1. Considering only protein heavy atoms, with the full assembly of protein chains and a 1.4 angstrom probe, order GLU31, GLU150, GLU246, GLU79 by accessible area, largest first.
2. Within the accessible area of region 1-95, what % is carbon and sulfur when the probe is 1.4 Å and the other protein chains stay in place?
3. Across every pair of different alpha-carbon atoms, what Kirkwood hydrodynamic radius in Å does region 234-276 reach?
4. Hey, what's the Cα Rg ratio for region 80-133 versus the globular rule of thumb, 2.2 N^0.38 Å?
5. For region 188-274, rounded, prolate or oblate, judged on the Cα gyration tensor with a ≥ b ≥ c (square roots of eigenvalues), a/c < 1.5 rounded, else prolate if a/b > b/c?
6. In debye, nearest 20: dipole of region 253-296 around its Cα centre with unit charges on the Cβ of K, R (+) and D, E (-)?
7. Where only protein heavy atoms count, and the probe is 1.4 Å, what is the accessible area per residue for the chain in Å²?
8. Using a 1.4 Å probe on the protein heavy atoms only, what accessible surface does THR210 show? Give it in Å² to the nearest 10.
Amino acid sequence: MSASQSHKGIILVADDNEANRELVSALLGAEGYQVVCVADGRQARETVDSDSIDLALLDVVMPRPTGFELCQAMKSKSETRLIPVILLTSLNSEADRIHGLMCGADDFLTKPVNKQELLARVQSLLRLKQFTDELDNAETVLFSLALTIEAKDPYTEGHCDRLSKYSVALGEKLAVPQELSVALRRGGLIHDIGKLAVPEHILLKPGPLTPEERKIMEQHTVIGERICAPLRSFRNVLPIIRHHHEKQDGSGYPDGLKGEQVPLTARILQVTDIYDALTTDRPYRKALSSEKAFTIMREEVKRGWWDGSLIDQLEVLVRESALQLADVGAKNER
């Protein structure tokens, strides 16, 4: 949890009524929570943006932004969307409660606040926040480990970040669901995490691998899946990690899947991975142009390796990006 060890959690209390602030602050402070009080939505927003808080208690009717508006803003930003929000109000209508939930509120309490109910709900939400923080820390460790693999080879610098961005962009072009877009972002970053178990003399070998070495290298997909399997939030990432080296004709690894047996997300990452490898410098050659890269990729489609329809969509995406960059350059020259 982000709070210091001397406190059970840092709680923001935003209410334009001083008596209400003092009452809630006293209740929470007596239970060992660190309380930050503000009198309006502007101060609350500044506190949320600048301070590390674990939970927000927001009055619905206060000078703008209102509790509804601030809650919605918090839940729309990746930096603050996981902070639990309890809306406090004297409004009793069902419509107001529904509006609060639509804004992303985690709970809704009616004034005057019942002491035991308030403390119970705060404790419950902070417990969930702690679990979320621990999960977030575990994901951060995985991403850091993945970057250590990339750092071993100067020719792959930035590869994971580019692959993550390319995969998400292609996924969005194909209108994949939001949860799969998130999986593509994560998969781009950690798809090769299983290479942590591959000896460096094999991982960094400049020449061709022996059959025995290749068998060891090919295990990285299975090992990577095993490393990430305990994280339930990575359930949509696991197929990407395991299957991003499968081929359409069944000649890939580790399971020899064919055609649409290969998960769509794995196929998306495949084509972006190949494109990035071809268009960046390698020890044995300089980066190829986009045109040459797509020519090679289509030759491999004819061999039955990759999903040609995804390569077509990726080429459209690359051309659109190039045109946008050209437009920006032309404007800058004016």
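The values are calculated or read from the model by the stated rules, or taken from the named source; none is laboratory data. Given the structure is predicted, the values throughout are model-derived calculations rather than measurements. All Cβ positions, glycine included, derive from the backbone under ideal geometry; neighbour counts span all protein chains shown. Note: accessible area is taken over every heavy atom of the protein model, side chains too, but ligands, DNA and RNA are not part of it. Shrake-Rupley method; radii C 1.70, N 1.55, O 1.52, S 1.80 Å.
1. Descending accessible area places them as GLU79, GLU31, GLU150, GLU246.
2. Here it works out to 47 percent.
3. Taking the inverse mean of 1/r over all distinct Cα pairs, region 234-276 comes out at 10.1 Å.
4. Cα Rg divided by the expected 2.2 N^0.38 Å: 1.17.
5. Taking the square roots of the gyration eigenvalues as a ≥ b ≥ c, region 188-274 is oblate.
6. Computed about the Cα centre, the dipole is about 200 debye.
7. 53
8. 50
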